[in-house]
Amino acid sequence: MGKLPKRNDIPPWVGAPEVLKEPEVFQVQTGLLEAVFGPDGSRIPFVEQVGTVMLQMKGLETWDVAEVMVYGSYLCKFQTKWMLQSVA
């Protein structure tokens, strides 16, 4: 991965730019995204602040899945990824 995310509003709790270079990536069915993150992603800021991470989602054209990228320190990325996968 190695590239910094293109998002302009990097949350202050994420910390140093180095933690933005290696995200944890997993896939979620697009139908579950609203259940996990609320309508129009309304729960994303809450999940980011509680997990001290930054989330990015990207829809994949070939399947009915979205790629979720979790940026932050190693432990925070791991815990947030585990929590989101458990909920999904």
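The values are calculated or read from the model by the stated rules, or taken from the named source; none is laboratory data. Everything quoted here is computed from the prediction, not taken from an experiment. In this analysis, Cβ positions are derived from the backbone assuming ideal geometry, glycine residues included, and neighbour counts consider all displayed protein chains. Heavy atoms of the whole protein, side chains included, go into the accessibility calculation; ligands, DNA and RNA do not. Shrake-Rupley method; radii C 1.70, N 1.55, O 1.52, S 1.80 Å.
Brief remarks follow.
- Exposure of Thr30 as accessible area (Å², to 10), given a probe of 1.4 Å and all protein chains: 60 Å²
- The range 42-85: mean projected area of Cα convex hull, nm²: 3.3 nm²
- Residue-normalised accessible area of the chain, expressed per residue, 1.4 Å probe, Å²: 65 Å²
- Here the chain is assigned +1 on the Cβ of each Lys and Arg and -1 on the Cβ of each Asp and Glu. Its dipole about the Cα centre then comes out at about 220 debye.
- 18 Å reach of a label modelled at Lys58, 7 Å along Cα-to-Cβ, counting backbone N of the range 6-50: 6-10, 19-30
- Portion, in percent, of the accessible area of the chain that falls on carbon or sulfur, probe 1.4 Å: 57 percent
- When Ser73, Ser42 are compared by accessible area of protein heavy atoms, the largest-first order is Ser42, Ser73, using a 1.4 Å probe.
- Radius of gyration, Dmax [the chain; alpha carbons; angstrom]: 12.3, 34
- Phi angles of the range 73-84 translate, via the Karplus equation with coefficients 6.51, -1.76, 1.60 and θ = phi - 60°, into HN-Hα couplings of 5, 4, 5, 5, 4, 4, 5, 5, 4, 4, 5, 5 Hz per residue; Gly and Pro are given as x.
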